[in-house]
Amino acid sequence: MIRVLLADDHAVVRRGLRQILEDERDISIVGEAATGREALEAAVRKGWDVLLLDLSMPDMTGLEVLGQLRRRRPRLPVLVLTMHSEEQFAVLALRAGAAGYLTKDSAPEEMVGAIRAVAAGRRYVSRALAETVAGSLAGDDRRPPHETLSPREFRVLCLMARGKTTDEIAKALLISPKTVATYRARMMDKMALHSIAELTRYALDHKLLD
């Protein structure tokens, strides 16, 4: 039996996913989490076979959860299931440690197949995403600049684009304002941005705040 931890901040989504997977004899949802921290704590505390993880979570993003799990539970397969398109976040998620990436408009049969694949130790990506990842690993400069960021740098980008101050970001991420400034400087340098206005425009143009 594949034991699945389901992490999504919408109860309706969790219920729908549970109903889909209850029809599968070899898959069982035995845990749920509604926030990023709940997902991380549950993933570390118990032995799951797969974590089904949304990216847009309260308090910690899915990317941050992936970053923590890479250090604390590196062998736990994580399948990202999100509303964000592959072009937006897939490479970031895979680089952060995800074993697979699916959008929420995928067919139920595809999701079930993806869960089985990552539980068996394989990766699951679409053909188009596989080509994108291959280009990224080969140093393809056509990939968008935000894909070069670490999960924490990306989180700082999103919070800054939403108008949060350094102190507010520090409080949200439980780090010092000085550390926020360091992440901000690295992020702005990697993306060749020179102002908050440019950063905000970039985030809006690439639909990173949806």
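The values are calculated or read from the model by the stated rules, or taken from the named source; none is laboratory data. Bear in mind that the values here come from a model prediction, so they are computed numbers and not experimental data. Cβ coordinates were reconstructed from backbone atoms using ideal geometry, including for glycine residues, and neighbour counts include every protein chain displayed.
Within the range 150-161, does at least one residue satisfy the condition of being touching a Cys at 6+ places or on another chain (Cβ under 7 Å), in contact (Cβ under 8 Å) with a residue 40 or more places away in the chain, under 27 Å from GLU86 (Cβ atoms) and crowded, with 17+ Cβ neighbours inside 10 Å?
No, because not a single residue in the range 150-161 is touching a Cys at 6+ places or on another chain (Cβ under 7 Å), in contact (Cβ under 8 Å) with a residue 40 or more places away in the chain, under 27 Å from GLU86 (Cβ atoms) and crowded, with 17+ Cβ neighbours inside 10 Å.
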Assuming GLY97 fulfils every condition listed in (1) touching a residue at least 60 places away in the same chain (Cβ under 8 Å); (2) at positive phi apart from one, which condition is it? (1)
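Step by step: first the residues of the range 157-191, then only those that are hydroxyl-bearing (Ser, Thr, Tyr) and not in a loop (DSSP other than H, G, I, E, B), then the one that is nearest to PRO144 (Cα to Cα). Which residue is that?
So the first thing to find is which residues in the range 157-191 are hydroxyl-bearing (Ser, Thr, Tyr), and the list is 165-166, 176, 179, 182-183.
Of the ones still in play, those that are also not in a loop (DSSP other than H, G, I, E, B) are 166, 179, 182-183.
Numbers: THR166: 25, THR179: 25, THR182: 22, TYR183: 19 Å.
If we take residues in the range 157-191 being hydroxyl-bearing (Ser, Thr, Tyr) and not in a loop (DSSP other than H, G, I, E, B), then TYR183 is nearest to PRO144 (Cα to Cα).
May I ask you to verify whether VAL91 is over 19 Å from ASP59 (Cα atoms) and at pLDDT below 90?
Yes; evaluated as a whole, the condition is true for this residue.
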Out of (1) modelled with pLDDT under 90; (2) in contact with a helix residue (DSSP H, G or I) (Cβ under 6 Å, 6 or more places away or on another chain), what's the single condition that is false for PRO177? (1)
Selection status of PRO151, modelled with pLDDT of 90 or more and outside the structural domain of ARG37 (by TED's automatic domain parsing): no
Hey, can you tell me all the residues within the range 2-26 that are more than 21 Å from the chain's Cα centre (by Cα) and within 16 Å of LEU76 (Cβ to Cβ)? ILE2
Across the range 180-210, what is the total count of residues that are free of Cβ contacts under 8 Å to residues at least 12 places away in the same chain and among the polar types (S, T, N, Q)? 2
For the range 118-127: of the residues being outside any helix (DSSP H, G or I) and not aromatic (Phe, Trp, Tyr), which is nearest to ILE29 (Cα to Cα)? ALA120
Quick check on the range 113-130: of everything there that is of a type outside the set (Gly, Ala, Ser) and under 19 Å from the mean Cα position of the chain (by Cα), which residue is surrounded by the most Cβ atoms within 10 Å (Cβ to Cβ)? ILE115
Can you find a residue that is of a type in the set (S, T, N, Q), at pLDDT below 95 and out of contact with any strand residue (DSSP E or B) (no Cβ under 9 Å at 6 or more places or on another chain) anywhere in the range 7-29? yes
